[in-house]
Amino acid sequence: MVAGPMKKKRKYTGTSDGASAGKRAGLEEFVRQVTELSNGVLWNNGTWVVRPKSGKKTLSVHATGRAVDLSWRKVGSKGRVNGRERAEATIQLLIDNANYLGIECVLDYFPEPHGRGWRCDRQAWQNYRTRTIASAPGSDWYHVEIAPRFADKPAEYIKRFERLKGTPQV
């Protein structure tokens, strides 16, 4: 862990900042940095799109330009063999440094019976007991949301991820 044990709970933003007009440079840099940090194990499976949450009428955080789906699936030149196992190490590193990186939410669609979620307002994973996130269980990506204050600051992510480089990865 780079920034030390920072388990201070933070307010979860969700979609309170509304839809953006397009992709946001901070999130796009976050995605590039995570892909590099994971040695290509995690890759961009989608960022900005204005749409409701799957199966609901409420706005998706993707519409704010602050959410990405990071896949670990091996498809052609994307991903790596044993992607799930290898991706978990990077996701844990991100969560260990979530306050430092402005991460608000991580959804893991894979585990049975209904996936799991980590949020900044509880600083912990919650295993879902009922259908809470669409496409769970079994889907091959993590949904990651960043705080509004980082969404338009690519240089901030370059600087912060530079401190994470060299951290052992699986």
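What follows draws every value from the coordinates through simple rules; no lab data is involved. As the structure is a prediction and not an experimental result, all values here were calculated from the model. Heads up, the Cβs are rebuilt from the backbone with ideal geometry, glycines too, and the neighbour counts pull from every protein chain shown.
Around GLN126, with a cut-off of 13 angstrom between Cβ atoms, what is the net charge of the other residues, counting Lys and Arg +1 and Asp and Glu -1?
+2
Counting pairs of alpha carbon atoms under 8 Å apart in space and at least six apart in sequence, what relative contact order in percent does the range 25-164 give?
Result for the range 25-164 is 29 percent.
Using just the helices of the chain, give the 222 nm mean residue ellipticity in deg cm²/dmol: DSSP H runs with n ≥ 4 each add -39,500 (n - 2.57), and the total is spread over all residues, rounded to 500.
Value at 222 nm, helices only: -7500 deg cm²/dmol.
Once R0 is set to 35 Å, what does the formula 1/(1 + (r/R0)^6) return for the Cβ-Cβ distance between SER16 and SER77, expressed as a FRET efficiency to the nearest 0.05?
0.40
Once amide H atoms are placed 1.01 Å from N in the peptide plane, what residues at a sequence separation of 5 or more from LEU59, or on another chain, have their amide H within under 5 Å of its amide H?
Counting only residues 5 or more places away or on other chains, the set is LYS53.
If you average the C-alpha positions of the range 49-75 and of the range 95-161 separately, how far apart do those two centres end up, in angstrom?
12 Å
Taking the Cβ of each residue in VAL75, VAL34 as the centre, tally the other Cβ atoms inside 10 Å and list the residues starting with the fewest.
Lowest count first: VAL75, VAL34.
What aspartates and glutamates could a cross-link reach from LYS159, if we take a straight Cα to Cα line under 18 Å and drop same-chain neighbours fewer than 8 places away?
GLU28, GLU29, GLU36, ASP96
Distance check, please: which entries in LYS7/LYS74; LYS11/LYS78; LYS23/LYS57; LYS9/LYS153 exceed 29 angstrom between their Cα atoms?
LYS7/LYS74; LYS11/LYS78
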